[in-house]
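Chemist: One structure coming up, written as structure tokens, with questions to follow.
Quick note: the coordinates plus some simple rules give every number you see, no bench work behind them. Given the structure is predicted, the values throughout are model-derived calculations rather than measurements. Cβ sites come from the backbone with ideal geometry, for glycine too, and all protein chains shown count toward neighbours.
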Amino acid sequence: MVSEQPKQSSQYAKGKAMEYDLEFEQPLRDLAKEIHIMQQECGKLENPTRMQEAKEELHTLQQEIYANLTTWQTVQVARHKERPRATDYIHRIFENFLELHGDRSFGDDPALIGGMATFNNETVIILGHQKGYGAKDQQYRNFGMPHPEGYRKAYRLMQMAGKFHFPLICLIDTPGAFPGLGDEERGQAEAIASNLALMARLPVPIIAVVIGEGGSGGALGISVADRLLMLAHSVYTVAAPEAAASILWRDNAFAPQAAEAMRISASEVFATGIVDDLVPEPVGGAHRNPVLAASHLQIALEEHLSSLKKYPPEQLVEKRYQKFRNIGCFENSR
Amino acid sequence: MESVIEDFKKTVISEGARQLRTSPKNIVVKCPECKEIILGREYRKSLKVCSHCQYHFRLTARERIELLVDPLSFVEIDKDLVSVDPLGFVSQNQVYAEKLAQEQKKTGMKSAVVTGHATIEGIPLALGIMDFQFIGGSMGSVVGEKLTRVIELALHKHIPLLIASASGGARMQEGLYSLMQMAKTSAALAKLSEAGLPYFSLLTNPTAGGVTASFSMLGDVILAEPGGLICFAGPRVIEQFMHERLPEGTASAEFLLEHGMIDLIVQRHALRGKLAQLLLFHQAQSQSMVETTILHTQNTQKKRSQSPSSSAA
């Protein structure tokens, strides 16, 4: 069930007028402006038909643009500042979310949150990268880039899921694990690696969903799952487009080209077979209708969880092993 | 992830160029660290370690295998697996498919890792040895597949595993396929761990990105050669993010040891001995366990034959 507003939410959800603020939305912006002027000038409804036509045109144009996004345009939507965050989905899809804190070793990481919740009368463990709302919160959340403590808190909660037979649901939305000096000192690589090994053998159903940005090892660190889903306008990449561009093009201004070359948009990743399912988004992106976006995701989660629950734990783990075992493209040269 | 390669390009090129200038006979080599000139004979005798500053030059996979295992004991597997270009990847002035062909020709290797099994002091083990020469040792489908197969070989033969890493990270040209190799190799290692088989991870210069954040850091025992760069993000990336200069030695093997991330730093000439010692610990324990089991079974049998209740039954 889609429950009401989360405590913090995107501005659109708060009823703020919808803006077309991305570069490729220029035609939409123009048309919306035209409609706005018409509304002001023809307040007395001198020409209601023209108005209706323009609105329909806007809707069709938006549908058309969003059905044919390029890879780089998808990156922009996936990174949209108003895109629903993990907590938007958690509060709308799950009941009784109880956030749990700390890695029991060093600290608590607000960039990677986790806790227990109820999903269709069943207890689940939820993990998610949290990017934050607005400048201050985003800074607090480190823009969704976890430190080792985040991955170790995740490790602890994964173990808890395994111990008490709670299914695990992970929401992926990170530019990557944070590349800081302290992160090297406290073992960012080890923290991620340990999660990969643990998730591979966890005897409970695991579903991972890329809700925005799936950035590199920082995303993979909580997404070794039985089912990997991606929202229609999300991305999942081996390296941030900017990083790839600065290495392979020697200039991070080539990020759009790098994104295209690495084929990182949800539909392109889906074509490789690495992703199991695409979750539809409202026209114009999840941020234009977070409630609808959450309800699409809820349906997908219900479907996949119920199909995974058919398998006994040993079979589930073996199927997961085979799933990852079979990823790769190579040939025998002899 | 692969950004570390960038940090290394300079040294790679200069090191490579210097070796080229002195080849084919390798009469003299200049150390990139202390700039001293080393005689080729001395250089080979010291296992490519600078006799002045102990700088460890990079070894090829073949050289490392020769260094570590009993002579003629190495049996290679999957040597013909080669990368394909699943994404049709084209960057600025490089077509990945062509790059692969060039690298294969240049290095005489088919991929960035050599796998197989061998013995050290007569004790069998499975090995995966990476080679930085081949596209910066980056991990794509082939590296992931070959390592997974050698982990599975260790499982089937019930023998210990050694992986020596030398890599800039995941190979960007194969996109998400590369990232997923991290999960694939880690999953195989988790299975190996469940089977109670030891995995020794050796980190060599450099080990970075997705390779560090997967199989490299999962060793039961993690060893490193001195001075090597070992990190998740490279120093250049960290400096960009932190907006400050990093102190000398950040993300080196010594830095990792200091922060509790690895077990031991081992000089190259001592590596084989240390590995043999580790293998012997495990061999001794499994032998003693076999003996205990035999003793236990014998005792139970004895008890059974002596006990009146069992004879009555």
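Chemist: Could you run the Debye sum over the Cα atoms of segment A:231-334, one equal point scatterer each and no solvent, and tell me log10 of I(q)/I(0) at q = 0.10, 0.12 Å⁻¹, two decimals?
Modeler: Taken in order of the listed q values, log10 I(q)/I(0) reads -0.45, -0.62.
Chemist: Take chain B, connect every pair of alpha-carbon atoms lying under 10 Å apart with a spring to form a Gaussian network, then pick out the residue of B:LEU162, B:LEU125, B:LEU67 with the largest mean-square fluctuation.
Modeler: Residue with maximal mean-square fluctuation among B:LEU162, B:LEU125, B:LEU67: B:LEU67.
Chemist: Quick check: the distance between the Cα centres of segment B:197-247 and segment A:241-266, to the nearest angstrom?
Modeler: One Cα centre to the other: 24 Å.
Chemist: Could you work out how much longer the chain between B:GLN54 and B:GLU121 gets when fully extended? Use 0.36 nm per residue separation minus the Cα distance between them, nm to one decimal.
Modeler: Working: separation 67, 0.36 × 67 = 24.12 nm, distance 2.63 nm.
The span from B:GLN54 to B:GLU121 would gain 21.5 nm if fully extended.
Chemist: Binned at 5 Å from 0, what are the whole-percent values of the Cα-Cα distance distribution for segment B:59-173, short to long?
Modeler: 2, 12, 22, 23, 18, 11, 7, 3, 2, 0
Chemist: Suppose R0 equals 41 Å. What FRET efficiency, 1/(1 + (r/R0)^6) with r the Cβ-Cβ distance, do A:GLU95 and A:ASN326 give to the nearest 0.05?
Modeler: On the way: r = 36 Å, r/R0 = 0.89.
With a Förster radius of 41 Å, E is 0.65.
Chemist: Sticking with this structure for a sec: Taking the Cα centre of chain B as origin, sum charge times position over the Cβ atoms of Lys and Arg (+1) and Asp and Glu (-1), and report the length of that vector in debye to the nearest 20.
Modeler: Values: 33 positive and 31 negative charges, 158 e Å.
I would put it at about 760 debye.
Chemist: Of the candidates B:THR293, B:THR115, B:THR212, which one comes out as most mobile in a Gaussian network treatment of chain B with C-alpha springs shorter than 10 Å?
Modeler: Ranking B:THR293, B:THR115, B:THR212 by mean-square fluctuation puts B:THR293 first.
Chemist: Work from the charge dipole of the protein assembly as shown (Cβ charges, +1 for Lys and Arg, -1 for Asp and Glu, about the Cα centre) and give the residue of A:GLN40, B:ALA97, A:HIS287 farthest towards its positive end.
Modeler: Result: B:ALA97.
Chemist: While we're looking at this one, here's another question. Of B:VAL69, B:PRO198, B:VAL142, which is farthest on the positive side of the dipole of chain B, counting Cα position, with +1 on Lys and Arg Cβ, -1 on Asp and Glu Cβ, and the Cα centre as origin?
Modeler: B:VAL69
Chemist: Evaluate E = 1/(1 + (r/R0)^6) for A:GLN138 and A:GLN39, where r is the Cβ-Cβ distance and R0 equals 45 Å; express this FRET efficiency to the nearest 0.05.
Modeler: Values: r = 34 Å, r/R0 = 0.75.
It comes out at approximately 0.85.
Chemist: By count of other Cβ within 10 Å, fewest leading, how are B:VAL28, A:VAL238, A:VAL275 ordered?
Modeler: Details: B:VAL28 15, A:VAL238 34, A:VAL275 22.
Fewest-to-most Cβ neighbours within 10 Å comes out as B:VAL28, A:VAL275, A:VAL238.
Chemist: Right, something else. Rg(Cα) of chain B divided by 2.2 N^0.38 Å? If you can, show how the numbers build up before the last one.
Modeler: Numbers: Rg = 22.5 Å, N = 313, 2.2 N^0.38 = 19.5 Å.
Normalised Rg, Cα atoms only: 1.15.
Chemist: Continuing with the same structure: What percent antiparallel are the DSSP beta bridges of chain A, to the nearest 5?
Modeler: Expressed as a percentage, antiparallel bridges in chain A total about 40.
Chemist: Which number comes out as Rg/Rh for segment A:208-280 once both Rg and the Kirkwood Rh are worked out on C-alpha atoms?
Modeler: On the way: Rg = 12.2 Å, Rh = 12.3 Å.
My calculation of the ratio gives 0.99.
Chemist: Okay, helix-only estimate at 222 nm for the protein assembly as shown: each DSSP H run of n ≥ 4 adds -39500 (n - 2.57), divide by all residues, round to 500 deg cm²/dmol; what do you get?
Modeler: Numbers: 25 runs with 300 residues, N = 647.
Theoretical 222 nm ellipticity from helices: -14500 deg cm²/dmol.
Chemist: Going by how many other beta carbons lie within 10 Å of each one, how would you line up A:ASP277, B:ASP263, A:ASP21, A:ASP226, fewest first? If you can, show how the numbers build up before the last one.
Modeler: Values: A:ASP277 14, B:ASP263 17, A:ASP21 11, A:ASP226 24.
Fewest-to-most Cβ neighbours within 10 Å comes out as A:ASP21, A:ASP277, B:ASP263, A:ASP226.
Chemist: Please give the Cα centre distance for segment A:107-183 versus segment B:256-284, rounded to the nearest Å.
Modeler: 35
Chemist: Can you work out D for chain A in µm² s⁻¹ from Stokes-Einstein, where Rh is the Kirkwood radius over C-alpha pairs, the temperature is 4 °C and the viscosity is 1.567 mPa s? It would help to have the intermediate numbers written out before the result.
Modeler: Working: Rh = 20.9 Å.
Calculated translational D: 62 µm²/s.
Chemist: I would also like to ask the following. Where is the GNM fluctuation largest for chain A (alpha-carbon springs, 10 angstrom cutoff): A:GLY114, A:GLY180, A:GLY214?
Modeler: A:GLY180
Chemist: When every alpha-carbon pair in segment A:136-196 is counted, what percent end up more than 18 Å apart?
Modeler: Every Cα pair in segment A:136-196 considered, those over 18 Å come to 40 percent.
Chemist: Suppose R0 equals 22 Å; then what is the FRET efficiency for B:ALA195 and A:GLN315 from their Cβ-Cβ distance, rounded to the nearest 0.05?
Modeler: Values: r = 19 Å, r/R0 = 0.85.
The pair B:ALA195/A:GLN315 has a calculated efficiency of 0.70.
Chemist: What's the extension gain from B:GLN285 to B:ARG245 if we count 0.36 nm per residue and subtract their Cα-Cα distance? The partial results should precede the final answer.
Modeler: Numbers: separation 40, 0.36 × 40 = 14.40 nm, distance 4.78 nm.
Contour length minus Cα-Cα distance gives 9.6 nm.
Chemist: Find, among the GluC sites (Glu not before Pro) in segment B:216-254, those assigned to loop by DSSP (not H, G, I, E, B) with at most 14 other beta-carbon atoms within 10 angstrom. Numbers along the way, then the final one.
Modeler: Working: sites: B:GLU239, B:GLU244, B:GLU248, B:GLU254; in loops: B:GLU244, B:GLU248.
Of the GluC sites (Glu not before Pro), the ones in loops of segment B:216-254 whose Cβ has at most 14 other Cβ atoms within 10 Å are B:GLU244, B:GLU248.
Chemist: Using only alpha carbon pairs under 8 Å that are at least six residues apart, calculate the relative contact order of segment A:174-240 and give it in whole percent. Walk me through the intermediate numbers first.
Modeler: Working: 100 pairs, mean separation 26.8, N = 67.
It comes to 40 percent, rounded to a whole number.
Chemist: Hey, what's the Cα Rg ratio for the protein assembly as shown versus the globular rule of thumb, 2.2 N^0.38 Å? Show your work: numbers first, answer last.
Modeler: Values: Rg = 27.5 Å, N = 647, 2.2 N^0.38 = 25.7 Å.
So the Cα radius of gyration is 1.07 times the expected 2.2 N^0.38 Å.
Chemist: I've got another one for you. Tell me the relative contact order for chain B as a rounded percent, counting alpha carbon contacts under 8 Å between residues six or more apart. If you can, show how the numbers build up before the last one.
Modeler: On the way: 530 pairs, mean separation 46.7, N = 313.
Relative contact order comes out at 15 percent.
Chemist: Farthest toward the dipole's positive end in segment B:176-245, which of B:SER178, B:GLY228, B:HIS243, given Cβ charges of +1 (Lys, Arg) and -1 (Asp, Glu) about the Cα centre?
Modeler: B:SER178
Chemist: How would you rank B:TYR199, A:TYR140, going from fewest to most other Cβ atoms within 10 Å of each one's own Cβ?
Modeler: On the way: B:TYR199 20, A:TYR140 13.
In increasing order of surrounding Cβ atoms, one gets A:TYR140, B:TYR199.
Chemist: To two decimal places, what compactness ratio does segment B:121-255 give when its Cα radius of gyration is scaled by 2.2 N^0.38 Å? List each step's numbers first, then the result.
Modeler: Details: Rg = 15.2 Å, N = 135, 2.2 N^0.38 = 14.2 Å.
Computed over Cα atoms of segment B:121-255, the ratio equals 1.07.
Chemist: Tell me the label-point distance for the pair A:ASN121, B:ILE37, using the 7 Å Cα-to-Cβ offset, in nm and rounded to one decimal.
Modeler: Reported label-point gap for A:ASN121 and B:ILE37 is 8.5 nm.
Chemist: Under a point-charge model restricted to the Cβ atoms of Lys and Arg (+1) and Asp and Glu (-1), what is the dipole moment magnitude of chain A relative to its Cα centre, in debye to the nearest 20? Write down the numbers at each step before the final one.
Modeler: On the way: 34 positive and 42 negative charges, 178 e Å.
So the magnitude is around 860 debye.
Chemist: Using +1 on the beta carbon of Lys and Arg, -1 on that of Asp and Glu, and nothing else charged, what's the dipole of the protein assembly as shown about the Cα centre, debye to 20?
Modeler: Dipole of the protein assembly as shown, to the nearest 20 debye: 2020 debye.
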